[in-house]
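Report on one structure; see the data block that follows.
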Amino acid sequence: MSDILWQPSAERIGKTRMEAFRRFINQRHHLKIDDYPALHQWSIDQREAFWQAIVDVFDIRFHAQPDAVLREGPRMPSAEWFPGATLNFAEHLLRRRDDAVAVVAVAENGQREQLTWAELASHVAGFQNSLKAAGVGQGDRVAACMPNTWQTLVAMLATTSLGAIWSCSSPDFGTQGVIDRFGQIEPKVLLTCAGYRYAGKEIDQRAKVNEILERLPTLQQLIVVPYALPQAHIEDFRSRANVTLWEDFYEAGGEPDFIAVPFAHPLYILYSSGTTGVPKCIIHSTGGVLLQHLKEHGLHCDLGPGSRMVLLHHLRLDDVELAGLGPGGRQRHRVVRRLTVSSRP
């Protein structure tokens, strides 16, 4: 094994959120946990106490309080986390409403855009209202074939604020790759870009989108972000569904509503690779994703108010897209390669 190249000083460790969490656990449970390995082992042995501490430290706001932290059956699949609890994912990620920068998006061509917390909430509120008008409600699926843009972020937040379910696919997938995924979930709304950038080239995907539209019979609303193809028009898309350009679909403004859903309610539908057949749908729960994001990015990444986190992505946004927003940090997107995170509980 090579020599250690760098390690944090005791002073730096003492200022981390992980260290503050260790002290919190010791005080709450009258323990003498003195390092990270011991804290990690305690979190495994005392999982109910650990996840309750995450709820308390990160101020999870349940609409209805849970009956318990964990109900365990004889096998792992029967485990039920926070039964009886209701909450909303987007509500926790939009707590701030000030003029500090929330998101910085940098495209492959260097184009830079940013939104403040107040602007982000305003866009979400406007988009949410238009989703409601399009008939989207709890349990409906909203799919996106989009690159890593702030528009994708706004659409996801608006979707989950309503208790609807979000699913995302990369625009560089072929027609069959998109259909293999979205064909299983029967989306009511599809968000897509008319074109995207990859390796210095601008890719027109209007013909591919039209092929996809023919095979999504449940679709009621298509929303098109021109993105790398500013000359795109709604007439370019042949769909039985209503077709609207992004800028015409909604008007930013107002305050978003937040529909409370059960802890285990589906939040995202992601997919396996499809190497052994049609991609399998993988459902991530509302409460599980929220707690995992807060734990990982608040404790392990030491993010807090004012922190800035750079996410290096491929074209696709998966369930990591709000990594920095939960602890109140700024998020910077850059389209480079894909990064995904799974969730527990």
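The values are calculated or read from the model by the stated rules, or taken from the named source; none is laboratory data. Keep in mind the model is a prediction, meaning the values are calculated, not measured. Ideal geometry is used to build each Cβ from the backbone, glycine not excepted, and the neighbour counts take in all protein chains shown.
Every residue, every condition in (1) assigned by TED's automatic domain parsing to the domain that holds VAL289; (2) more than 15 Å from the chain's Cα centre (by Cα); (3) within 24 Å of GLU251 (Cβ to Cβ), yes or no:
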{"position": "PRO74", "(1), (2), (3)": "no, yes, no"}
{"position": "LEU93", "(1), (2), (3)": "yes, no, yes"}
{"position": "VAL106", "(1), (2), (3)": "yes, yes, no"}
{"position": "ALA118", "(1), (2), (3)": "yes, yes, yes"}
{"position": "VAL124", "(1), (2), (3)": "yes, no, yes"}
{"position": "LYS132", "(1), (2), (3)": "yes, yes, yes"}
{"position": "VAL142", "(1), (2), (3)": "yes, no, yes"}
{"position": "SER161", "(1), (2), (3)": "yes, no, yes"}
For VAL243, indicate whether it is at pLDDT 95 or above, surrounded by fewer than 22 Cβ atoms within 10 Å (Cβ to Cβ), of a type in the set (Val, Ile, Thr) and more than 17 Å from the chain's Cα centre (by Cα).
yes
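Could you check the range 255-309 and list, in sequence order, the residues that are of a type outside the set (Phe, Trp, Tyr) and in contact with a Pro (Cβ under 6 Å, 6 or more places away or on another chain)?
Looking only at the range 255-309, we keep the residues that are of a type outside the set (Phe, Trp, Tyr), and these are 255-257, 259-262, 264-267, 269-270, 272-309.
Once the filter is applied, which keeps residues that are of a type outside the set (Phe, Trp, Tyr) and in contact with a Pro (Cβ under 6 Å, 6 or more places away or on another chain), the range 255-309 yields SER272, ILE283, GLY288, HIS297, GLY298, LEU303, GLY304.
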Spans of strands (runs of 3 or more DSSP E) in the range 85-149 with at least 3 residues over 22 Å from GLY288 (Cα atoms) and not basic (Lys, Arg)
101-106, 112-116
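Got a sec? Which of GLU11, GLU19 is of a type in the set (Asp, Glu) and either under 33 Å from the mean Cα position of the chain (by Cα) or surrounded by 14 or more Cβ atoms within 10 Å (Cβ to Cβ) (or both)? Lay out the reasoning, then the answer.
On the way: GLU11 fails: either under 33 Å from the mean Cα position of the chain (by Cα) or surrounded by 14 or more Cβ atoms within 10 Å (Cβ to Cβ) (or both).
Sole residue among the options that is of a type in the set (Asp, Glu) and either under 33 Å from the mean Cα position of the chain (by Cα) or surrounded by 14 or more Cβ atoms within 10 Å (Cβ to Cβ) (or both): GLU19.
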Looking at this structure, is SER272 more than 14 Å from the chain's Cα centre (by Cα) and either at pLDDT 95 or above or not assigned by TED's automatic domain parsing to the domain that holds GLN52 (or both)?
yes
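Please pick out the residue among VAL178, VAL209 that is within 15 Å of ARG141 (Cβ to Cβ), at pLDDT 95 or above and part of a helix (DSSP H, G or I).
On the way: VAL209 fails: within 15 Å of ARG141 (Cβ to Cβ).
When all the criteria are applied, what remains is VAL178.
Looking for something in contact (Cβ under 8 Å) with a residue 40 or more places away in the chain, part of a helix (DSSP H, G or I), under 21 Å from PHE263 (Cα atoms) and touching a Leu at 6+ places or on another chain (Cβ under 8 Å) - is there at least one such residue anywhere in the range 39-50? Talk me through it step by step, then tell me what you get.
Residues of the range 39-50 in contact (Cβ under 8 Å) with a residue 40 or more places away in the chain: none.
Taking every residue of the range 39-50 in turn, none turns out to be in contact (Cβ under 8 Å) with a residue 40 or more places away in the chain, part of a helix (DSSP H, G or I), under 21 Å from PHE263 (Cα atoms) and touching a Leu at 6+ places or on another chain (Cβ under 8 Å).
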